[in-house]
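**Student:** Just passing along the structure, written as structure tokens.
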Amino acid sequence: MAIYIGIHLFFLAWIIINRMFLPALPKQPSLSATPLVSVLVPMRNEERNVEVLVKSLKNSSYGRTEFIILNDQSIDGTQQELERTIEGDSRFTILQGKELPDGWVGKVHACHQLQQAASGDVLLFVDADVRFRPRAIEQSLALMQQKKANLLTGFPAFDVSPFLSKLLVPMLHFVILFHLPIALANYTKFKAATAANGMWMMFERTSYREIGGHAAVHESLVEDVHIAREMKAQNFKVILANITMSTKCRMYDTNSEVWEGFLKNSYAGIGRSPILAAGLILFYSVFYILPPFIAVYGLFSGFYVWIIPYTLTVAQRWYIDMVTNQRWYLSFLIPLQAAAMLAVLVQSMRKSFKKQPYSWKGRHYS
């Protein structure tokens, strides 16, 4: 038990140290230049998100912006909502998405079309379900300039409404701060240590075009990570930042959306490696699912020291929730969060082995 507790203490110390290499957006941004920023938003069946997103865009404090939104063949009221909420604002352009070519992933093709219409020296790709504070764009630009980065990206704070969302979505921050050596990610060109999030990706235009843009990763279901790796491969600097104080996202509204969304990315996100999947299943079972059972046994048997491992897993989760602007009480759900993450990984792997397609927003991907 002493070794088991020691390992959990090491995990907590590692998370705290690792977080030191994750820069936050500056509260008071200072810009060395004010380039035109093209904010590019792909939308497919996003009727429910249009009004809040457009409000965020309109309230942006950074003056040199153009907003280009692509309606990717939506079958709901996305177009009508866009026209209603934009109300003739000249900063906005609405594009109509073209037919999806063979071999392309839908969102990647939408981003490719958006960048073709952009005029900015900086390209900011934003998902439709992201909301942000007025200074978020200039804060991101200021940090990008300060770090001399060619790509700045980050994970927003998450609004988690469905129960399955409470379990799976906060694990995105946990995986980054626990598994990713952020010093290597932010200060080296080591491709394996790369994380990125397509919800918020700010590119310097020239370097983006030099790597081939989104066309270079047109078949990828995890295009954000792969395009960041392409940037590193061509010697461009990628910065992963803590953007949670200025950006927020409500990824899903129903449990079924949560399941489908994570299903398509879970196994692909680890390179479809069964060995890595098996390792993760064993690791999380031993260190994050087992502790509450040990704690219950210790509580009723009088071996109170056995409660410590679960307490330390909660402490790890609580620290990450604190620094990423997440609800603190979700930290007590870490065993269920780990179990849900493994469940979706196993199902995603099973679908891959059986060559069954993944579904998302009416499209199917192998």
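**Student:** Which order do 281, 7, 86, 68 fall in if you start with the one that has the fewest other Cβ atoms within 10 Å?
**Tutor:** Taking fewest neighbouring Cβ atoms as first place, the list is 7, 281, 86, 68.
**Student:** Under a plain spin-label model, where a point goes 7 Å from the Cα along Cα-to-Cβ, how far apart in nm are residue 276 and residue 311?
**Tutor:** Rounded to a tenth, the inter-label distance reads 3.6 nm.
**Student:** With both partners inside the chain, how many of the DSSP beta bridges are antiparallel, as a percent to the nearest 5?
**Tutor:** About 35 percent, rounded to the nearest 5.
**Student:** Taking the alpha-carbon set of segment 24-250, what are its Rg and Dmax in Å?
**Tutor:** Looking at segment 24-250, its Cα Rg and Dmax stand at 16.6, 46 Å.
**Student:** Give me the Debye-computed log₁₀ of I(q)/I(0) at q = 0.09, 0.10, 0.11, 0.22 Å⁻¹ for segment 1-136, equal point scatterers on Cα only, no solvent, two decimals.
**Tutor:** -0.39, -0.46, -0.53, -1.33
**Student:** Can I ask one more? Tell me the mean residue ellipticity at 222 nm calculated for the chain from its helices only (DSSP H runs of n ≥ 4, each -39500 (n - 2.57), averaged over every residue, nearest 500).
**Tutor:** Rounded to the nearest 500, it is -14500 deg cm²/dmol.
**Student:** Let me ask another. Would you work out which of 60, 333, 308 lies farthest towards the positive end of the dipole of the chain? Charges go on Cβ: Lys and Arg +1, Asp and Glu -1.
**Tutor:** 308
**Student:** Oh, and also: In which sequence would 200, 14 go, from the one with the fewest C-beta neighbours within 10 Å to the one with the most?
**Tutor:** So the ranking, lowest neighbour count to highest, is 14, 200.
**Student:** At residue 329 and residue 183, where each label point lies 7 Å from the Cα along Cα→Cβ, what is the point-to-point distance in nanometres?
**Tutor:** So the two model labels end up 3.8 nm from each other.
**Student:** For the cross-link pairs 166/248; 147/248; 58/98; 191/237; 107/264, which exceed 21 Å when the distance is taken from alpha carbon to alpha carbon?
**Tutor:** The pairs that break the limit, which is 21 Å between Cα atoms, are 147/248; 58/98.
**Student:** Just how far, in whole angstrom, is segment 40-65 from segment 252-290 if you go by their alpha carbon centroids?
**Tutor:** About 31 Å separates the Cα centre of segment 252-290 from the one of segment 40-65.
**Student:** Then there's this: Starting from the alpha-carbon convex hull of segment 198-356, give the projected area averaged over all orientations, in nm².
**Tutor:** Quarter of the Cα hull surface area: 12.1 nm².
**Student:** Long-range amide H contacts for residue 93: which residues qualify at under 5 Å (H placed 1.01 Å from N, peptide plane, sequence gap of 5 or more or a different chain)?
**Tutor:** Counting only residues 5 or more places away or on other chains, the set is 67, 68, 69.
**Student:** Sticking with this structure for a sec: What full-extension length gain, to one decimal in nm, is calculated for residue 55 and residue 350 as 0.36 nm per residue of separation minus the Cα-Cα distance?
**Tutor:** The span from residue 55 to residue 350 would gain 102.1 nm if fully extended.
**Student:** What number does segment 47-97 give for Rg over Rh if you use C-alpha atoms and the Kirkwood radius?
**Tutor:** 0.95
**Student:** Ok, one more. In terms of Cα to Cα distance under 13 Å, which aspartates and glutamates are near enough to residue 189, apart from those fewer than 8 places away along the same chain?
**Tutor:** Here the aspartates and glutamates satisfying the reach criterion relative to residue 189 are 230.
**Student:** If you don't mind, there's one more thing I want to ask. From zero up to wherever the largest Cα-Cα distance of segment 14-91 sits, split into 5 Å bins and tell me the percent of pairs in each.
**Tutor:** 3, 12, 19, 17, 13, 10, 11, 9, 4, 1, 0
**Student:** Quick one: 209, 19, fewest Cβ neighbours within 10 Å first, how do they rank?
**Tutor:** Ranked by crowding around the Cβ, least crowded first: 209, 19.
Every number in this text was worked out from the coordinates using simple rules, so none of it is lab data. Values in this document were obtained by computation on a predicted structure and should not be read as measured data. Note that each Cβ is placed from the backbone with ideal geometry, even for glycine, and that neighbours are counted across all protein chains shown.
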